[in-house]
1. Residues of region B:111-127 being open to solvent by less than 10 Å² (accessible area, probe 1.4 Å) and within 11 Å of chain A (Cβ to nearest Cβ), which ones?
2. Looking at (1) more than 18 Å from A:D13 (Cα to Cα); (2) of a type in the set (A, V, I, L, M, F, W, C); (3) in contact with a strand residue (DSSP E or B) (Cβ under 7 Å, 6 or more places away or on another chain); (4) buried (at least 20 other Cβ atoms within 10 Å of the Cβ), which is the only condition A:I80 fails?
3. Just the residues that are outside any helix (DSSP H, G or I) and of a type in the set (G, A, S), please, taken from region B:113-164.
4. With respect to A:M94, determine if the residue is at pLDDT below 95, open to solvent by 10 Å² or more (accessible area, probe 1.4 Å) and not small (G, A, S).
5. Say we look at region B:83-100 and pick out the residues that are of a type in the set (A, V, I, L, M) and out of contact with any Ser or Thr (no Cβ under 8 Å at 6 or more places or on another chain); which of these is modelled with the highest pLDDT?
6. Return the total of residues in region B:118-146 being in contact (Cβ under 8 Å) with a residue 12 or more places away in the chain and among the β-branched types (V, I, T).
7. So if I check each of B:A138, B:A103, which one is surrounded by fewer than 21 Cβ atoms within 10 Å (Cβ to Cβ), in contact with a Ser or Thr (Cβ under 9 Å, 6 or more places away or on another chain) and among the small types (G, A, S)?
Amino acid sequence: MTDKRRILMIDDDPSMSGIVKRNLEQTGTFEVRTEQRGADGLQAAREFRPDLLLLDMVMPDCDGGNVLALFRNDDELKQIPVVFLTGTISEDGMDARHGQIAGYPVVSKQAKPKTLARQIEQTLRG
Amino acid sequence: MISSFRSAKPGLNKFTSRPHIDRTTGCAGNVILKFRHSLERGLREEFPGPQGELLATAVSSLHRHAFDGQQQRRLRDMDGAATLYTLLTGTADAATMGLIRSAMVSSALLADMDAVLQWAQAGLTRCTQLDGKWLATAPEWEWVLANRGYYIELVQDLARFLNSK
């Protein structure tokens, strides 16, 4: 049994997922599972039991908003905290918004790995 | 009151009888509107299929071309944040699609290939989830996804042309 925090990352870009997974797992704190399709997220979450979801905002089958709605409508999974990733807003743009949109933590894909890890830890602490 | 409205000539401010002047261009407002409509119509006629529609709908965003890169990026981030807000709160509607279009034009002006791709994908995903009017825009988003380099060139050329004096 591992005491690492489990992160389920859903992003259609496998190279981005690979980089984030490597960076987060290198810290020794996280275990990361990746999925490329938003629609596969629910099933993956039931199997993996993540402590946190890392969701890309823009994906071909359904976007981060759609995936969030799926999780929030599922009694078993609705409490899982979420951090969103976006490639459409610059790091400065997210800094100017204190890393939040609509009350959710959002990290720019341009942000440094440390910034993402810090945001995840902060969100896990609640 | 009604007679004062009737007596006002098109393009004239009804209270002062002076033409409404557009602050950005210094031209009379009704003239600007006619130019814009003519240009949009012409672009739709001249460029076949999705290209013409994309260029025509980009015209209203292209006044931003006059801004420098930093301002342009700030505006794009504002559109982006407003879009994400509607997606995360489940309130995406026609205005969201307008924001996505606008952010895609801004990204093209910044020659940001990745962001153009992301916005086109966002437009394509969401257009199928709104009413039938937006479903009709699917070929435009698909065209950008398949031709993003050319799309960026076209938008930048149009912006240069509109900003030339």
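1. As a first pass, look at region B:111-127 and keep what is open to solvent by less than 10 Å² (accessible area, probe 1.4 Å): B:115-116, B:119-120, B:122-123, B:125, B:127.
Those that are open to solvent by less than 10 Å² (accessible area, probe 1.4 Å) and within 11 Å of chain A (Cβ to nearest Cβ): B:A115, B:V116, B:W119, B:A120, B:A122, B:G123, B:T125.
2. Only one criterion is unmet by A:I80, namely (4).
3. Of region B:113-164, the ones outside any helix (DSSP H, G or I) are B:128-131, B:136-137, B:147, B:164.
B:A136, B:S164, listed by residue number.
4. Numbers: at pLDDT below 95: yes; open to solvent by 10 Å² or more (accessible area, probe 1.4 Å): no; not small (G, A, S): yes.
Answer is no for this residue.
5. Our first condition is that a residue be of a type in the set (A, V, I, L, M); within region B:83-100, this holds for B:84, B:87-88, B:92, B:94-95, B:97, B:99-100.
In the following step, the residues that additionally are out of contact with any Ser or Thr (no Cβ under 8 Å at 6 or more places or on another chain) were identified as B:88, B:94.
On the way: B:L88: 93, B:A94: 90.
Checked region B:83-100; the qualifying residue modelled with the highest pLDDT is B:L88.
6. 2
7. Numbers: B:A103 fails: surrounded by fewer than 21 Cβ atoms within 10 Å (Cβ to Cβ).
From the options B:A138, B:A103, the qualifying one is B:A138.
Let's see how each residue does on (1) of a type in the set (D, E, K, R); (2) more than 28 Å from B:V116 (Cβ to Cβ):
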| site | (1), (2) |
| --- | --- |
| A:I7 | no, yes |
| A:A45 | no, yes |
| A:D75 | yes, yes |
| A:T88 | no, no |
| A:I101 | no, no |
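The values are calculated or read from the model by the stated rules, or taken from the named source; none is laboratory data. Here the structure is a predicted model, which means the values were calculated and not measured. Glycine also receives a Cβ, built like all others from the backbone with ideal geometry; neighbour counts cover every protein chain displayed. SASA here: full protein model, heavy atoms, side chains in, ligands and nucleic acids out. Shrake-Rupley method; radii C 1.70, N 1.55, O 1.52, S 1.80 Å.
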